[in-house]
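The numbers here are math on the coordinates, done by the rules we state, and not lab data. Only a predicted model underlies this, so the values are computations on that prediction, with no experimental measurement involved. Here the Cβ is made from the backbone with ideal geometry for all residues, glycine too, and neighbour counts use every protein chain on show.
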Amino acid sequence: MQNIKYTTIDEYISSFPKNIQKMLGDVRSVIRKVAPDSVEAISYGIPTFKLNGNLVHFAAFKNHIGFYPAPNGIEEFEKELSVYKQGKGSVQFPVDKPLPLDLISKIVKYRVKKNSEKNSTRKK
C-alpha cells in the first residue's frame, strides 16, 4: 500500500492500475446502491462509508481487495465467506477472481441494519 495521505475515495481509487480501479469502483457502487444515505470518507487511510458510525471500509493490496465490515459482518456471513482468507473483521477477495458483489451487497445491507439498531438503542 502506498504511503500517501488520501483525502477522497476518488483520489484513492485513481492511484491504482485500471483493473484494480474497476474492482474498487464496483465495490463502491454496490455500497452506494445499498446504503445511499451513507457518507464517504477516508478513515485509517482507506475508503470508508459511514452511516450511524462506521459501516464498511475497503482497500486494495497487491493480491487482494480487503473488505472490512466489522466482526459482526463477517460472523453473520461466515458460511459464504469461508472460501476467502479472513481476519477478525476483514475478508480478502483475490484480485484474479471476480468480486462476489451480491455477497458484498448482502453484507452491507446487514451492516446498515446493525448500525441502525445500535443507533436507535442509544437514543432511548
Original post:
For residue 97 and residue 15 in one chain, what is 0.36 nm times their gap in residues minus the Cα-Cα distance, to one decimal in nm?
Top reply: 27.4 nm
Subject >> Relative contact order for the chain, counting Cα pairs under 8 Å that sit 6 or more residues apart, in percent >> reply: 23
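Report the gain in length on full extension from residue 118 to residue 4: 0.36 nm times residue separation, minus Cα-Cα distance, nm rounded to one decimal. Don't skip to the end; give the middle numbers.
On the way: separation 114, 0.36 × 114 = 41.04 nm, distance 3.33 nm.
Result for the pair: 37.7 nm of gain on full extension.
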Subject >> Volume per residue of the C-alpha convex hull in the stretch 49-96, rounded to whole Å³ >> reply: 74
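Could you estimate the translational diffusion coefficient of the stretch 1-51 from the Stokes-Einstein equation, with Rh from the Kirkwood formula over C-alpha pairs, at 4 °C and 1.567 mPa s, in whole µm²/s? It would help to have the intermediate numbers written out before the result.
Values: Rh = 11.4 Å.
Answer, rounded: 114 µm²/s.
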Original post:
Three principal axis extents, largest first, for the C-alpha atoms of the chain, in Å?
Top reply: 47, 33, 24
Original post:
Based on the mean of other beta carbon atoms within 10 Å per residue, what is the order of 19-32, 48-61, 78-91, most packed first?
Top reply: 48-61, 19-32, 78-91
**OP:** Taking 7 Å along the Cα-to-C-beta vector as the label spot, tell me the residue 62-residue 79 distance in nanometres, rounded to one decimal.
**Re:** 3.6
**OP:** Read phi for every residue in the stretch 100-105 and hand back ³J(HN,Hα) as whole Hz from Karplus 6.51 cos²θ - 1.76 cosθ + 1.60, θ = phi - 60°, with x for Gly and Pro.
**Re:** x, 4, 5, 5, 4, 4
Original post:
Helix 18-34 sits at what angle to the longest principal axis of the chain, using alpha carbons and giving 0 to 90 degrees rounded to 10?
Top reply: 10
Original post:
Quick one: net charge of residue 12's neighbours, Cβ under 12 Å, K/R +1, D/E -1?
Top reply: -1
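Taking the convex hull of the Cα atoms, report for the stretch 73-124 its projected area averaged over all directions, in nm².
Details: hull surface 15.9 nm².
It is 4.0 nm².
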